[in-house]
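Every number in this text was worked out from the coordinates using simple rules, so none of it is lab data. The structure displayed is predicted, hence computed values, not measured ones. Counting neighbours? That spans all protein chains shown, and the Cβs are built from the backbone with ideal geometry, glycine included.
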Amino acid sequence: MKTYVPILLLTVLFLFPNQSSAEINSKKALMDVFEGCVEEEVTDLPLGAQFEYCGCYVKEISLGMDLEELMSFGLDMLSAGEDEEKREKIMLSNEKITKYVVNCASKLYE
């Protein structure tokens, strides 16, 4: 995710403060995650596969997290700034995100 994506996620938090269910239905929040995902530079993966991965990742987030969890994750990523190692540690420390990454990445190799 780019640095500005967590900022956009914070914006969504203020736009949709009362949405906290087991599923995220905010198109804006999910599009912010998707756009951040597809903007990542991935040289080893064809663009179509990257879009497929990002779509899977956003779907998993939308069904498995609530808006509060997503905002918390976004804040953690924002606190890491541009430090890629710290950002990777944050992602790996979140069990749900790790599960989503593994699930969606494995689908690319099926």
Grab the other residues whose beta carbon is less than 13 angstrom from that of residue 109, score K and R as +1, D and E as -1, and report the net. -2
Under a plain spin-label model, where a point goes 7 Å from the Cα along Cα-to-Cβ, how far apart in nm are residue 40 and residue 88? 1.2 nm
Each residue of region 54-64 in turn: what ³J(HN,Hα) in whole Hz from Karplus with 6.51, -1.76, 1.60 and θ = phi - 60°, glycine and Pro shown as x? 5, x, 4, 4, 5, 4, 4, 4, 4, 8, x
